[in-house]
1. Among K31/K257; K76/K145; K7/K185, which pairs are too far apart, with a Cα-Cα distance over 26 Å?
2. Can you tell me how much longer the chain between E99 and E136 gets when fully stretched, taken as 0.36 nm per residue apart minus their C-alpha distance, in nm with one decimal?
3. Heavy atoms only, 1.4 Å probe, whole protein assembly: order L269, L197, L172 by accessible area, highest first.
4. Obtain the nm distance between the two label points defined at K277 and I190 by a simple spin-label model: each point lies 7 Å from its Cα along the Cα-to-C-beta direction.
5. Show me the GluC sites (Glu not before Pro) within the range 56-106 that DSSP assigns to loop and that have at most 12 other Cβ atoms within 10 Å of their Cβ.
6. Using label points projected 7 Å from each Cα along Cα→Cβ, tell me how many nm separate V127 and F222, to one decimal.
7. Quick check: the distance between the Cα centres of the range 186-227 and the range 104-153, to the nearest angstrom?
8. For the range 101-114, in order, what is each residue's ³J(HN,Hα) by Karplus, 6.51 cos²θ - 1.76 cosθ + 1.60 with θ = phi - 60°, in whole Hz (x at glycine and Pro)?
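The values are calculated or read from the model by the stated rules, or taken from the named source; none is laboratory data. Since the model is a prediction, treat every value here as computed from it, not as a measurement. Note: ideal-geometry Cβ built from the backbone for every residue, glycine included; neighbour counts use all protein chains shown. Side chains included, ligands, DNA and RNA excluded: accessible areas come from the protein's heavy atoms. Shrake-Rupley method; radii C 1.70, N 1.55, O 1.52, S 1.80 Å.
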Amino acid sequence: MSNTVKKVLIIVLEVILLLSLGCFAIGCTAKEMVVNVIANEALDDTVAYRVMDIVFEEFPDANINQLGNVQEAITKNPAIKEITSKYIDEMCRAIAENEVFDSPDIDVEIMQLVDENMEAIENNIGVQISQSQRNEIYEKLNEQKTEIEGTLQQVTYNMVSSSYQSNIRSVLIKVFLIIDTLYFKLSCIILAVLSILGLFYLKKSTVKTLLQLSITVIVVGFSLAFIFPTIFERLGMNFTNKFLGRTLIVDFSLFKKFGYVYCIVGIILCLLYLILKKKFTGADASHTISKDEESNINSFS
């Protein structure tokens with residue numbers, strides 16, 4: 001294999017490694033970012049207000065600070081994101097199968113929402129909630145479920161209707177479906193591993209390959225942590241405006257965490273490279289000294 005062909009193959013493998021690492025990060029974070037946007041901006045307040053109405057009705061003696069702490073705990077409840085995720089899954093399925101969107105049942109999630117917030121209510125208000133009160137809170141929240149569903153229906157309807165009106169938007173959501181699959185993430189891992197093995201094979205030198213890998217991983221990590229979030233923040237606002245009918249800020253914190261992890265891995269690889277380089281350099285020096293000593297002995301003899 002000529003040096004030119006080898007260099008081209010190394011560049012190709014580097015590009016594949018860059019893309020596979022980046023796509024893996026996108027695949028692992030895309031859905032959660034979408035869920036967070038809709039849950040945080042469109043659903044948190046709706047659910048919190050409904051629950052707080054019930055809490056205030058049940059415990060009228062609670063003060064403002066206590067009620068504020070309860071509301072904050074409710075907005076952070078994972079059940080809200082599970083409800084949002086369920087709607088997004090159904091919306092994506094409707095688009096993929098070209099069917100009419102049908103709202104999923106969220107009774108289980110409503111029950112989970114009530115159960116998980118009982119402790120927050122008890123701790124912040126300083127009361128012991130009986131089973132009868134728990135059942136009453138659940139029934140009242142279940143009665144107001146239509147308002148929660150209405151908020152999600154409006155959001156998902158905007159996404160679905162927009163997608164059917166535009167082939168570009170429809171393609172984008174179908175791409176989202178693909179990158180959210182386990183197969184896509186596994187494919188990224190396999191491509192990354194094959195690229196790394198290919199680089200070791202072509203470069204022959206383990207030390208030099210480690211240096212190249214460390215640089216590549218750090219470049220990907222830095223891009224994910226600092227460059228892409230800045231660029232995509234504006235794009236995210238445009239997308240939410242087109243898909244949801246309102247401009248929302250997309251949280252790229254999870255995306256950035258992937259970048260930080262890649263940077264740490266890259267630094268570890270760089271340190272490993274320096275250790276191995278020092279080791280091999282020392283071994284070569286010892287080998288050279290031994291040869292010099294041997295020649296000196298031969299000259300004396």
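1. Exceeds cut-off: K7/K185.
2. Additional length available on full extension: 9.6 nm.
3. If we order L269, L197, L172 from most to least accessible, we get L197, L172, L269.
4. The answer from the label model is 3.5 nm.
5. When the GluC sites (Glu not before Pro) of the range 56-106 are filtered for loop state and at most 12 Cβ neighbours within 10 Å, E97, E99 remain.
6. 5.7
7. The two parts, judged by their Cα centres, are 48 Å apart.
8. Ordered by residue, 3J(HN,Hα) equals 5, 10, 4, x, 7, 10, 4, 5, 5, 5, 5, 4, 4, 5 Hz.
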